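Okay, structure first, notes after.
The values are calculated or read from the model by the stated rules, or taken from the named source; none is laboratory data. Since the structure is predicted, the reported quantities are computational estimates derived from the model, not experimental observations. Neighbour counts are summed over all protein chains in view; Cβ atoms, including those assigned to glycine, are modelled from backbone coordinates with ideal geometry. Side chains included, ligands, DNA and RNA excluded: accessible areas come from the protein's heavy atoms. Shrake-Rupley method; radii C 1.70, N 1.55, O 1.52, S 1.80 Å.
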Amino acid sequence: ADWSPLKDRNVVIWPDADEPGLNVIKPLVRALNDAGARTIQIVQLPEGLPKGWDLADDLIALGRNPEELLASATEAEDPTLARFVMTAAELANLDVPERELIIDPWLPCSGLAMIFAKRGVGKTYLTLSLAIEIAKGNTTFLGHYHVPKSRRVLYIDGELPLAELKVRMRNLCSAPPENLLLISSEQLFRNDERLNIHDEACQQKIDQMLSSLEKQDRRPELIIIDSLSTLSSGVDENDNTALEQLLKWFMELR
């Protein structure tokens, strides 16, 4: 549609009384804003209207004077990024909870972290130990870093045989915590499943799994992927462009 005739006009949107009518408000506001409308207001419909009712229908069903509703129309929310701009003073007064620490002082909630080292120095033992201590909670990691409380952890293994994973878990913990969930690469392989977290379809599978775990009240608070190289084939780890989709997904998970 050509909205240019509404440039410099004061526009009031009166939506139909149904879901499509209400859903069209935001894109309509964006279109009017782009066309240069001077002001944009929205009529707040009274409750109890028949589904789909609009101004071409019987005004008796409205139960209110149309001019009265027009006069009380509210200003539409700014559809541009300007609505997210705040002053430093507003930020200082913003009521937001402080970020909790999963491990004090270096692993916060809603964070991203990478453990890296040469092959064979014990990254998997380190990350398994990390997963166990966080799942236990109220303990210390490596005898030094405080783990304030127990959190549910999902450990996604990309390389160990199932028997080796079991042995390592037994060596690290005689009584595995209930809060520690694991996905074994061998079990996936035996069931014709493959994980390549660089692939968008695989990311969607993991998202669906997390949604399913949430319905079971088992959604993890921490996800450990071991390792990036074994679970992310077909991408150059040193190429930021190639990693763009993966990094975007990591940010969404965070």
Residue among 1, 56, 31 that is of a type in the set (Gly, Ala, Ser), under 22 Å from residue 80 (Cβ atoms) and loosely packed, with under 12 Cβ neighbours inside 10 Å: 1
Condition met for residue 99 (assigned to a loop (DSSP other than H, G, I, E, B) and under 28 Å from residue 249 (Cβ atoms)): yes
Residue tally, condition out of contact with any helix residue (DSSP H, G or I) (no Cβ under 6 Å at 6 or more places or on another chain), open to solvent by less than 70 Å² (accessible area, probe 1.4 Å), of a type in the set (S, T, N, Q) and under 20 Å from residue 251 (Cβ atoms), over the range 201-235: 3
Strands (runs of 3 or more DSSP E) wholly inside the range 113-163 that include at least 1 residues being without any contact (Cβ under 8 Å) to a residue 12 or more places away in the chain and closer than 22 Å to residue 178 by Cα: 139-141
Within the range 95-137, considering residues that are charged (D, E, K, R) and surrounded by 10 or more Cβ atoms within 10 Å (Cβ to Cβ), the one farthest from residue 151 (Cα to Cα): 123
Which listed residue, of 172, 154, 165, is closer than 28 Å to residue 248 by Cα and surrounded by 14 or more Cβ atoms within 10 Å (Cβ to Cβ): 154
Odd one out for residue 160, checked against (1) within 18 Å of residue 253 (Cβ to Cβ); (2) surrounded by 17 or more Cβ atoms within 10 Å (Cβ to Cβ): (1)
Hey, residue 214 part of a helix (DSSP H, G or I), within 26 Å of residue 117 (Cα to Cα) and of a type in the set (Asp, Glu) or not: no
Pairs with Cβ under 8 Å, 6+ apart, first in the range 198-218 and over 30 Å from residue 241 (Cβ atoms) and without any contact (Cβ under 8 Å) to a residue 60 or more places away in the chain, second assigned to a helix (DSSP H, G or I) and small (Gly, Ala, Ser): none
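Yes or no, residue by residue, for (1) hydrophobic (A, V, I, L, M, F, W, C); (2) assigned to a helix (DSSP H, G or I); (3) closer than 22 Å to residue 123 by Cα; (4) at pLDDT below 95:
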site	(1), (2), (3), (4)
177	no, no, yes, yes
181	yes, no, yes, no
192	no, no, no, yes
195	yes, no, yes, yes
201	yes, yes, no, yes
